[in-house]
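Readers should treat all values here as calculations from the given coordinates under stated rules, not as data from a laboratory. Because the structure is a prediction, the values reported are computed rather than measured. Every residue, glycine as well, gets a Cβ built from its backbone with ideal geometry; the counts of neighbours run over all protein chains shown.
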Amino acid sequence: MDENPTKTNQSAHLALDIGGTLIKMVYLSSDDNCSPDSQVKVSQEESNEISDGLMKCHTGKGTLHFLKFETSKIDDCLEFISSNQLCSHGDLPDKKQPSAHDRKLIKATGGGAFKFADLFMERLGITLDKVDEMDCLVAGANSLLKANNQEAFTYMNGHKEYLQIDHNDMYPYLLVNIGSGVSMIKVEGDEKFERVSGTSVGGGTFWGLGKLLTNCKSFDELLKLSHVGNNRVIDMLVGDIYGGLDYSKIGLSSTTIASSFGKAISENKELEDYKPEDMARSLLRMISNNIGQISYLNALRFGLKRIFFGGFFIRGHEFTMDTISVAVDFWSKGEAKAMFLRHEGFLGALGAYTSYQKEGSGESMSHQLVEQLSNGVQCTGENQRLLPAEIKSQGK
Ligand code: ADP
């Protein structure tokens, strides 16, 4: 790991999580010299490019911005940092001039912090100060759960409910991060955790396989398509095997999926005979179900009752959350609960952000974040649709 910065500069307010599919960025800008909408200097072009990834939290101390870029378009991210001067010495928050010893250092996590270290140095003169990915995921999740009482929620059968997390009774829990791949982490305390499992069948599988099956050009297109599809066309259901009946003796209803994509083998059909939307739906269901089930089994392994799901695969998508919740509920016979996080995809980036140490006082950035987020959060952007009406209208 690189040496810690000795001085806090503007870069201390920017952190990155460079994953296999997406780059997540969190940065803080002060609200004093510009309006929330003008302070992110995003050109129309850039705005279109990243608009679906833009989310802001206006807090007492400034505005926390949450953005994502596709890792394959890392140039957009570099350009954004450069054109918005997110890592310039000219914006030192303490108004000090940089000394010759100041370096442009930003906290970065994820495999891309290694892979793209030279690129950041060559193009922007930035040194990526690498922070461990699992440390960041856990730090991000813990900070959010402590900071924001509208962070965790359950979602089942179309019903969304925010949960009050008792800070004194937060642990242990299972954190399931569904990114390109999936990590399952048993969290027992602030820095006390163990990655207990994972699966390679994750968000990358959904997007990769889905792209091949449907020719969709973007993840969102695939997700939208899945919304209108019918998985029963391709999945082999218990009722398909039992002549429309339930297999009630072992608790399986006729609509339970017996075999994902299983009907395709028994029909004289080719790929072209299936509608893209039906395949997208079967795929989403298969992957979400599988992750829900493996998560529950790991929770069972360690006696954990609470499972928090994060990662950008979820995207606040109702069907995805519903499927995961039903899987956890079904396999645990109602004993375990799937919970989702509003900042789902930004856990790692927030964890990296909290790893800065506030200059001088020794107070950690995580305390600041807790303050910032609990000071009254008004989020705008992509994830706004996650907010129930009553929160939006509070307009804090
Ligand atoms: P990673 O750190 O591995 O990139 P993320 O948490 O960023 O993981 O999640 C990546 C996954 O999120 C993808 O595999 C895909 O399933 C999903 N996803 C959500 N939005 C997008 C998008 N705009 N482009 C690509 N994948 C997306």
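A few notes on this one:
- Amide proton proximity set for Lys130, modelled H, under 5 Å, gap of 5+: Asp2, Ala108
- Dipole magnitude of segment 219-298, debye to nearest 20 (Cβ charges: Lys/Arg +1, Asp/Glu -1, about Cα centre): 300
- Spacing of the modelled spin labels on Glu122 and Tyr242, each 7 Å from Cα toward Cβ, amounts to 6.1 nm.
- Look at Thr320, Thr127, Thr214 and count the other Cβ atoms within 10 Å of each Cβ; fewest to most, that gives Thr127, Thr214, Thr320.
- Within segment 256-335, the proportion of Cα pairs with more than 15 Å between them is 61 percent.
- When segment 190-316 is reduced to its Cα atoms, the Kirkwood hydrodynamic radius in Å: 16.3
- When segment 248-289 is reduced to its Cα atoms, the Kirkwood hydrodynamic radius in Å: 11.8
- Put simply, when 339-352, 134-147 are sorted by average Cβ atoms within 10 angstrom per residue, most first, you get 339-352, 134-147.
- When His317, His227 are sorted by how many other C-beta atoms sit within 10 angstrom of their C-beta, beginning with the fewest, the order is His227, His317.
- Whole-angstrom Cα spans of segment 121-197 along principal axes, big to small: 49, 28, 26
- Taking each of Lys73/Lys115; Lys104/Lys192; Lys24/Lys305; Lys211/Lys337 in turn, the alpha-carbon distance tops 22 angstrom for Lys104/Lys192; Lys24/Lys305; Lys211/Lys337.
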